[in-house]
Amino acid sequence: MPDSWISTAAHLDAFVRELYPICRSITGDGLRQTLRAIQGRIPLELREVPSGTKVLDWAVPLEWNIRDAFVANERGERLIDFQRHNLHVVNYSEPIRKRMTLAELRPHLHCLPAQPDRIPYRTSYYERSWGFCLTANALAALPDGEYDVCIDSSLTQGALSYGELLLPGALPDEILISAHTCHPSLSDDNLSGIAVAVALAQELSQRPARRHSFRFLFAPGTIGAITWLAQNCETASRIRHGLTLTCLGDSQPFTYKRTVSGQASIDRAAARVLARTGAAHQAIDFFPYGYDERQYNSPGFRLPVGSLMRGRHGQFPEYHTSGDNPDFTSGDRMFESLGVLRAIVDELEADVRYRNLEPYGEPQLGSRGLYRALGGTSIPNLQFAMLWVLNLSDGEHGLLDIAERAKLDLATIREAASLLESHGLLARA
Ligand SMILES: [Zn+2]
């Protein structure tokens, strides 16, 4: 990686296309292969948590792996073939090898009548079953007869894999960026989130100074976040802000899903950044469904973790179907999403709290040359900004609070704070 790496749209798209063919799940070799591909770009630490490990109210399931699966006719022709698309198999299907009639097979076949050309994505993690997914058109075309049904999978004592990267900053306080890694060949949900998170990690790893520490977590949805939380209660208490990333490569406007309180710094930072883009966007209130923000925001943890997406999960037709492929997502959209994510992070990084060292009355700015320092047309704003910074630097308000209250842009507030700090009137709280 060169010194000043910034991912381009082409890099983001290429990474999504590289990961797309892998059959991921909440455990197993496809998940490991994905984590290793991420590790090829950032120094991710891989963890393995054995099957059966108790994690909060859950237990790590048996590890699932799959080699092959098909439904073949009497001539041996594969009419449904896992090798052609991994969505053809219900994820976590138990193994089966049997000849059966179409009537016997039919309860195990899933399609989308409303989208007859698309294969649905189905899972059965916690209930032992097996099944195939196919287009409604293909299902309608299956003739009566005997079929050779094979799912060459295994459910064994193994492990749940996840990866994390900590980029230490000046503060122990952490910003969490979390992306789920369990979906097989689906691009927007959530290879786009993985690609954008990796790109941000690459950028942040090269910054000479980080104020916050940054933790990147790549883990299977739900059980991965629960496993991480179960094993990192202490670490979790250092998370001050966080985002889950999903669906960042489609062409819809941005959607930001707030934390439970709706008032966290991350909520305000996201609102400011999205307003600044000038692009259409929506902010929605928290609800306890969706992705891992619901684990992080659970009452025992209450971590202020919002969710950044474009198309809202479950609300666009390609969601959880074969229509969500690398031609549905685009590098340009992911690149744009990376820009919004970076801007949100930068707001949090800039949100320094100061303490006014001359808090009794206003300090005399003129005697310190601070009026002379105010040259040019920006005088009133910068002077005004200094007065706001002095007034609100009581250790309770950060620069973002001050910028909002003063209705001035953050850059002016930062400039004022930096001037006051260099004149000994402010210290970091
Ligand atoms: Zn999903």
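The values are calculated or read from the model by the stated rules, or taken from the named source; none is laboratory data. The structure displayed is predicted, hence computed values, not measured ones. Every residue, glycine as well, gets a Cβ built from its backbone with ideal geometry; the counts of neighbours run over all protein chains shown. Ligands, DNA and RNA are excluded from the accessible area calculation, which covers all protein heavy atoms including side chains. Shrake-Rupley method; radii C 1.70, N 1.55, O 1.52, S 1.80 Å.
The residue that is most open to solvent (accessible area, probe 1.4 Å), among those in region 312-334 that are more than 16 Å from the ligand (Cβ to nearest atom) and within 16 Å of residue 255 (Cα to Cα), is 333.
Out of region 335-350, which residues are open to solvent by 30 Å² or more (accessible area, probe 1.4 Å) and either within 21 Å of residue 258 (Cβ to Cβ) or of a type in the set (D, E, K, R) (or both)?
From region 335-350, those open to solvent by 30 Å² or more (accessible area, probe 1.4 Å) are 335-336, 342, 346; that's our starting set.
Within region 335-350, 336, 342, 346 qualify.
Checking each residue in region 184-227 for being among the β-branched types (Val, Ile, Thr) and part of a loop (DSSP other than H, G, I, E, B) picks out only 222. For region 117-141, a residue qualifies if it is away from the ligand (no atom under 16 Å from the Cβ) and either open to solvent by less than 60 Å² (accessible area, probe 1.4 Å) or among the aliphatic types (A, V, I, L, M) (or both), and the qualifying residues are 129, 130, 131, 132, 134, 135, 136, 138, 139, 140, 141.
Residues that are modelled with pLDDT of 95 or more, assigned to a loop (DSSP other than H, G, I, E, B) and aliphatic (A, V, I, L, M) do occur in region 231-248.
For region 275-297, name all the residues that are aliphatic (A, V, I, L, M) and under 17 Å from the mean Cα position of the chain (by Cα).
Across region 275-297, the qualifying residues are 283, 284.
The residues of region 192-212 that are open to solvent by 10 Å² or more (accessible area, probe 1.4 Å) and of a type outside the set (D, E, K, R), listed by number, are 202, 205, 206, 208, 209. Counting only residues that are closer than 19 Å to residue 123 by Cβ and either part of a strand (DSSP E or B) or among the polar types (S, T, N, Q) (or both), region 72-89 holds 3 of them. Considering only region 146-183, state which residues are more than 16 Å from the ligand (Cβ to nearest atom), open to solvent by less than 30 Å² (accessible area, probe 1.4 Å) and in a loop (DSSP other than H, G, I, E, B). Passing the criteria: 158, 169.
The lone criterion from (1) assigned to a loop (DSSP other than H, G, I, E, B); (2) among the small types (Gly, Ala, Ser); (3) away from the ligand (no atom under 16 Å from the Cβ) left unmet by residue 269 is number (1).
Could you list all residues from region 411-429 that are surrounded by fewer than 19 Cβ atoms within 10 Å (Cβ to Cβ) and either in contact with a helix residue (DSSP H, G or I) (Cβ under 9 Å, 6 or more places away or on another chain) or assigned to a helix (DSSP H, G or I) (or both)? I'd like the intermediate steps shown before the answer.
Narrowing region 411-429 to residues surrounded by fewer than 19 Cβ atoms within 10 Å (Cβ to Cβ): 411, 414-415, 418, 421-424, 427-429.
The answer is 411, 414, 415, 418, 421, 422, 423, 424, 427, 428.
Among the residues of region 292-311, those identified as buried (at least 19 other Cβ atoms within 10 Å of the Cβ) and outside any helix (DSSP H, G or I) are 292, 297, 303, 304, 305, 306, 307, 308, 309, 310, 311.
Could you tell me how many of the residues in region 226-249 are out of contact with any Gly (no Cβ under 7 Å at 6 or more places or on another chain) and touching a residue at least 40 places away in the same chain (Cβ under 8 Å)?
15
Applying the criterion of being in contact with a Gly (Cβ under 9 Å, 6 or more places away or on another chain) and not in a loop (DSSP other than H, G, I, E, B) to the residues of region 95-142, the residue that is farthest from residue 189 (Cα to Cα) is 101.
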